[in-house]
1. Mind grabbing the accessible area of Ser167 for me, 1.4 Å probe, Å², rounded to tens?
2. Choose one of Phe256, Gly275, Val66: the residue whose Cα lies farthest towards the positive end of the charge dipole of the chain (beta-carbon charges +1 Lys, Arg; -1 Asp, Glu; about the Cα centre).
3. State the number of lysine pairs found in the chain whose Cα atoms come within less than 15 Å, restricting to pairs 8 or more positions apart or on distinct chains.
4. From largest accessible area down, sort Asp152, Asp85; use a 1.4 Å probe on the protein chains.
5. Per DSSP H run of at least 4 residues, take -39500 (n - 2.57); add these up for the chain, divide by its residues and hand me the 222 nm value, nearest 500 deg cm²/dmol.
6. Using a 1.4 angstrom probe on the protein heavy atoms only, line up Glu84, Glu190 by accessible area, largest first.
7. Taking the chain, how much of its Cα-Cα pair set, in percent, is spaced more than 25 angstrom apart?
8. Over the range 17-150, what relative contact order in percent results from Cα pairs under 8 Å that are six or more residues apart?
Amino acid sequence: MPARLFVATPTKLLNFADCKRKYRYTYLETPRPPKGPAWAHNTVGATVHETLADFWRWPSGRRTAVEAVNRLRSSWRHEGFRDEDQSARWRERAADMVGLYLKDIDPYFEPRGVERTVSFTTARASLRGRVDRIDERPARDGSGGTELAIVDYKTGRRPLTPTDARSSLAMALYVLGARRVLRRACTRVELHHLPTNTIAAADHDDESLARHQRRAESIADDAAAAEARWHAGLTPAEADELFPPEPSALCGWCDFARICPQGRRAAPTKEPWAGLDEGDGPPLITDDL
C-alpha cells in the first residue's frame, strides 16, 4: 500500500518547526489543554480580515470605503483588550486602516479568490491553506495572458519588506496551491501591510519554490513520524522527550504559556493586550486553515 499522505497547513508545519510542545498541545492532546485568554491583536487582525473579505463579496455598487468602515465598526469585538476605552481606540485605528487601504481601490475589480482554499500534493504530503485574496492580472511578460498574485493582509506593528514576502513558507505554498487549483501562472506574492498602507512584494522562481517545498516536505516528514509514535502510545516521559519545548522570548506570546514551565522561565507571560503597546510585538502570524 502507498504511504498515507501527511495533511498539513503552513501554520501546522511552522508550529512543529518552532515548538513541538505547542504542536502537541494544539494538534494531538485530547482534550486539548486550555488556552490562555484571547489576544487583542488577534481581535484586531481578525476583524480587519473579515471586513476586507466581505468587501470583495459585496456587489460592486456597495464597495466603498465608508461602507467597509461601517461594517468594521458594527461587527467589532472586545476580546483581549484591557478595557472598553482601549477597545474603542483600536476600533477607530482599525477603521482608519481599512478606510485608507480601500480609498483608491477599484470597486469593479473582481479577485479570482477571496478566503480561497488552495492545495497541492507531493509524494509525501498534502498541503493546503486559505489565501486572503488571489488576484488575476495581465501577465507582465507581454504575452497577453493573465497571471495570479497571492495577497495576504497584515496588521502587525512591524513594517514588512520584500524579503519577508519571499522568505514566507506560507506564501510560497499558496503559490504552488494556486497553480494547481486555478491552473494559471503564479509567481507574485504580496504582503499588504495596513498600518503603513504599503505592499511588500516578491516574485518566486522555480528554484525558490522548490526550496520552500523541500523545507515543507522535510518538516512534514518529521511531524508525521512524531505523530505516528504518539498514536502508537507513549509514556508521559517519552511524550515530553519527543515533543520538547523550544524556550525563547516568543514564549510570552504562546497560547499555552501558562501550562509550560520552560516557557514561563524563558519569558514572562504577556498580557492579552500587550501586542498593542509599544515595545516588542507578537510574532507575525500567517492566516490559514
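The values are calculated or read from the model by the stated rules, or taken from the named source; none is laboratory data. All values derive from a computational prediction rather than experimental measurement. Counting neighbours? That spans all protein chains shown, and the Cβs are built from the backbone with ideal geometry, glycine included. Ligands, DNA and RNA are excluded from the accessible area calculation, which covers all protein heavy atoms including side chains. Shrake-Rupley method; radii C 1.70, N 1.55, O 1.52, S 1.80 Å.
1. Roll a 1.4 Å probe over it and Ser167 shows about 70 Å².
2. Of Phe256, Gly275, Val66, it is Phe256.
3. Lysine pairs meeting the criterion: 4.
4. Asp85, Asp152
5. Taken over the chain, the calculation gives -13000 deg cm²/dmol.
6. Glu84, Glu190
7. Value for the chain (Cα pairs over 25 Å): 53 percent.
8. 18 percent
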